[in-house]
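A.B. asks: Next up is a structure, given as structure tokens.
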Amino acid sequence: MPNFKIFVPFAPAALAGAFDTVRGSKVYFTSLSDEDALVFERSLPDCAGYSVVRSSALCNVAPSVIECAEKLGGIDKIFFAPALTTRGSLFLDLDEESFVSHTEAFTALFMVCKCALPYMMGGREPEVLIELPHETENIISGVYCAAVEKLAKDMNNELAEWGVNVKIIR
């Protein structure tokens, strides 16, 4: 998969190993912490740039997409796999932060795709890859996964005529 322009919004450090196979591609990413950004950057074969988002995931989506597209000269692929965790499996054990992080992640996915698609259409094998979280199954993770799967299916159907492929990774 060489020579692609890849945008990775809200990349967790744990995702770094996944990019060993993209040698020759340019990767631009955002991260929610300095620590994750450093780990992720060190693992990339060719990091074209990054920014650290210090506030809500929704605050800087459009500027990050634009900065990525300008630095890379477009976007071929989006890899969306934010770090999502919850502390409990039962409804009464869940905290508000878990609900907020999952709903923000879903909204961020929508905004990233909405902002990035104009830069992807007509590009080289445009693709949106969405990794579902590997976390304790509970109400909010189930709702998030169901919503993301539905969004991906509907986006794939709608965007197929422009050659954009949307895939879920489990």
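A.B. asks: Would you check if there is a residue in segment 123-134 being in contact (Cβ under 8 Å) with a residue 60 or more places away in the chain and part of a helix (DSSP H, G or I)?
C.D. replies: Checked segment 123-134: no residue is in contact (Cβ under 8 Å) with a residue 60 or more places away in the chain and part of a helix (DSSP H, G or I).
A.B. asks: Something else: Checking GLY123 against (1) over 21 Å from LYS26 (Cα atoms); (2) of a type in the set (Gly, Ala, Ser); (3) surrounded by 16 or more Cβ atoms within 10 Å (Cβ to Cβ), only one condition comes out false. Which one?
C.D. replies: If we test GLY123 against (1) over 21 Å from LYS26 (Cα atoms); (2) of a type in the set (Gly, Ala, Ser); (3) surrounded by 16 or more Cβ atoms within 10 Å (Cβ to Cβ), just (1) comes out false.
A.B. asks: Still on this model: Can you name every residue in segment 135-164 that is surrounded by fewer than 16 Cβ atoms within 10 Å (Cβ to Cβ) and without any contact (Cβ under 8 Å) to a residue 40 or more places away in the chain?
C.D. replies: Within segment 135-164, GLY142, ALA146, GLU149, LYS150, LYS153, ASP154, ASN156, ASN157, GLU158, ALA160, GLU161 meet the criteria.
A.B. asks: Can you find a residue in segment 87-94 that is of a type in the set (A, V, I, L, M) and assigned to a helix (DSSP H, G or I)?
C.D. replies: The initial filter retains those residues of segment 87-94 that are of a type in the set (A, V, I, L, M), namely 90, 92, 94.
Okay, now just the ones that are also assigned to a helix (DSSP H, G or I), so 92.
Yes, that holds for at least one residue.
A.B. asks: Right, next: Among (1) closer than 20 Å to PHE10 by Cα; (2) over 14 Å from the mean Cα position of the chain (by Cα); (3) open to solvent by 60 Å² or more (accessible area, probe 1.4 Å), there is one condition MET111 misses while meeting the rest; what is its number?
C.D. replies: For MET111, the exception is condition (2).
A.B. asks: Inspect all residues belonging to segment 99-118 and state whether any of them is assigned to a loop (DSSP other than H, G, I, E, B) and more than 19 Å from PHE4 (Cβ to Cβ).
C.D. replies: If we filter segment 99-118 for residues that are assigned to a loop (DSSP other than H, G, I, E, B), which is where we start, we get none.
No, segment 99-118 contains no residue that is assigned to a loop (DSSP other than H, G, I, E, B) and more than 19 Å from PHE4 (Cβ to Cβ).
Residue-by-condition table, conditions (1) over 25 Å from GLU104 (Cα atoms); (2) open to solvent by 40 Å² or more (accessible area, probe 1.4 Å); (3) modelled with pLDDT of 70 or more:
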{"position": "PHE4", "(1), (2), (3)": "yes, no, yes"}
{"position": "ALA14", "(1), (2), (3)": "no, yes, no"}
{"position": "LYS26", "(1), (2), (3)": "yes, yes, yes"}
{"position": "SER33", "(1), (2), (3)": "no, no, yes"}
{"position": "ASP36", "(1), (2), (3)": "no, yes, yes"}
{"position": "VAL39", "(1), (2), (3)": "no, yes, yes"}
{"position": "LEU58", "(1), (2), (3)": "no, yes, no"}
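A.B. asks: Which of the residues belonging to segment 74-101 are open to solvent by 70 Å² or more (accessible area, probe 1.4 Å) and among the aliphatic types (A, V, I, L, M)?
C.D. replies: Correct list: ALA83, LEU90, LEU92.
Conditions (1) of a type in the set (D, E, K, R); (2) in contact with a Lys or Arg (Cβ under 8 Å, 6 or more places away or on another chain), marked per residue:
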position	(1), (2)
LEU92	no, no
ASP95	yes, yes
ASN138	no, no
GLU161	yes, no
ASN165	no, no
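The values are calculated or read from the model by the stated rules, or taken from the named source; none is laboratory data. Note that the coordinates shown come from a computational prediction; the quantities given were computed from them, not determined experimentally. Cβ coordinates were reconstructed from backbone atoms using ideal geometry, including for glycine residues, and neighbour counts include every protein chain displayed. What goes into the accessible areas is simple: the full protein's heavy atoms, side chains included, and nothing from ligands, DNA or RNA. Shrake-Rupley method; radii C 1.70, N 1.55, O 1.52, S 1.80 Å.
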